[in-house]
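Derivation of every value follows stated rules applied to the coordinates shown; laboratory data play no part. Model, not experiment: these values are computed from the prediction. We place every Cβ from the backbone using ideal geometry, glycine too, and count neighbours over all the protein chains shown.
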Amino acid sequence: MHDLSYFRGNLDAIAARLATRGYELDVEAFRALDAERRAALTESETLKAQRNTESGEIAKLRKAGTDTADQQAKVRAIGDRIAALEEATKAVDARFYEVLAGVPNVPHESVPVGGLADDNVEVHQHGTIPTFDFAPQNHWDIGPALGILDFERAAKITGARFAVYMGLGAKLERALINFMLDTHTREHGYTEVFPPVVVNSASLYGTGQLPKFAADLFKLEGTDYYLAPTAEVPVTNLHRDETLEADLLPISYCAFTSCFRSEAGAYGRDVRGIIRQHQFQKVELVKFARPDQSHEQLELLTSHAESILDRLKLPFRRVLLCTGDMGFSSAKTYDLEVWLPGQSAFKEISSCSNFESFQARRAAIRCKSGKKTEPAHTLNGSGLAVGRTWVAIIENYQQKDGSVVVPEVLRPYLQAEVITARGELR
RNA sequence: GGAGAGGUGGCUGAGUGGUCGAAAGCAGCGGUUUGCUAAACCGUCGUACUUCGCAAGAGGUACCGGGGGUUCGAAUCCCCCCCUCUCCGCCA
């Protein structure tokens, strides 16, 4: 959500910047709606002020022992006029905020202008892309062959876009979760959070998934509850409707959760394997920062996510998303893309964003220093998507004999050095 | 799931139909006093929207868990919902 007075006062400049991300703001329509809303508010508030003073007269008259029947009739007439106006006023107000809440965030000045993923800018690349003296396989072939990944039984239990991890496959998932949480809490200063994955609509509104993206969510029937599509939702909403002491910022949280997405509109994309699932696991990094420090915190947060890939010795690159490729709420986003030998391509494994005050305003997360209270800045990033990391390990560490070598840093967690087709189901 | 008790400003806590946006205390902020600290004293101290104004600021409206209703007028009365606590039931 934009700051209304700032938005109104800089409408043309904001519209121009929004156009770079492919969002057409109808400036004239907005101005007209804004004027309509304010006129309606002024009219009904003037009447309400009248009613309040006239109604106060009744109290005085009664104290003086005077009959108030005439005065009551007069006030009732005002009340009737208010009631007649109220519906239209509420309607125009709701329409106005629907429009305003549907406007995406303004890209930060450092974000390159572009319409497509092609216009994203590679910042750097780490690690060495492995070479194989055989044709590297995809994880959806390796996993079932090793008996550590089962799609057919998952389809039986639930349906498409679900998977069962078995044996060392399940242990690898758990090892990654622990490794990521341990690294972020012990070395990067994050506080671990284990939040609910069922969240209410107010929380989803706060982080920007609602009202626009309801179709991407699983809703629990007959309730106001949804399955969280990312830990960003519960963790950011930890501080909804709170005022944080500026001295305590930045606050850094990390959280492991399962994430649930309906993937409506993703038909035909990443249908094979576990790249795109209805349920997946993710370790999320979330920061609350002062406005003056949020962009340096984005650099830090992104480097923390990168450090996981570095330690796992997985080749990856960092990409700065262009204006047209960013998410709705973001002011600036870096994507981390890991190399997948099976596809011979880089694939997104983390997305690190600074939302500046966009979420904080919706969620009423403020920071206070001295007398000044202003919206805080919120940030988050995957640190990392566990399932996709699992994929990257299986594919990058695959051997000619079909086994998979376990990355060194995971061996203490997994108690194994190699995953083979024999003896994995223990 | 059943029965009961509650939800008031950052916190504690008054208020049960008429200047109540809300007493008081604490915390916070500004100041006086003070060698320093502490204490004392004085002042100040919610949010959103909106009108006027270059601004400083001055008005208005709304908000006492949320939504409806009664009334000239609602924190206060009525209805529905949510949440918290206690007891019972059930359960990992």
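Between A:ALA101, A:ALA363, A:ALA83, the residue with the greatest mean-square fluctuation in the GNM of chain A (Cα pairs under 10 Å linked by springs) is A:ALA83. Taking every DSSP helix (H) stretch of at least 4 residues in chain A, weighting each as -39,500 (n - 2.57) and dividing the sum by the residue count yields a mean residue ellipticity at 222 nm of -13000 deg cm²/dmol. GNM on chain A, alpha-carbon springs under 10 angstrom: the most fluctuating residue among A:GLU43, A:GLU299, A:GLU337 is A:GLU43. Computed over the range A:26-101, the Cα gyration tensor eigenvalues convert (square root of 5λ each) into semi-axes of 36, 10, 8 Å, ordered from largest to smallest.
Projected over every direction and averaged, the convex hull enclosing the alpha-carbon atoms of the range A:184-253 yields 5.6 nm².
Of the residues A:GLN297, A:GLN72, A:GLN279, the one that moves most in a GNM of chain A with alpha-carbon contacts below 10 Å is A:GLN72. Among the listed pairs A:LYS313/A:LYS400; A:LYS48/A:LYS372; A:LYS156/A:LYS347; A:LYS171/A:LYS332; A:LYS171/A:LYS313; A:LYS313/A:LYS347, a Cα-Cα separation exceeding 24 Å is found for A:LYS48/A:LYS372; A:LYS156/A:LYS347; A:LYS171/A:LYS332. Summary value for the range A:224-318: 31 percent relative contact order, contacts being C-alpha pairs under 8 angstrom separated by 6+ residues.
Normalised by 2.2 N^0.38 Å, where N is the number of residues, the C-alpha radius of gyration of chain A stands at 1.23. The H on the amide N of A:ALA376, modeled in the peptide plane, is under 5 Å from the matching H of A:ILE365, A:ARG366, A:CYS367, each at least 5 residues off or on a different chain. The angle separating the long axis of helix A:386-396 from the principal Cα axis of greatest extent in chain A is about 30 degrees.
Assuming R0 = 25 Å, what is the FRET efficiency of A:GLU86 and A:SER55, from their Cβ-Cβ distance, to the nearest 0.05?
So the FRET efficiency works out to roughly 0.90.
Using the average count of surrounding beta-carbon atoms within 10 Å as a protection proxy, the listed peptides A:228-235, A:214-221 rank, highest first, as A:228-235, A:214-221. The chymotrypsin sites (Phe, Trp or Tyr not before Pro) of the range A:130-210 that DSSP puts in a loop, and whose beta carbon has at most 15 other beta carbons within 10 Å, are A:PHE132, A:PHE134. When the inverse distances between all different Cα atoms of the range A:82-221 are averaged and flipped, the Kirkwood radius reads 21.5 angstrom.
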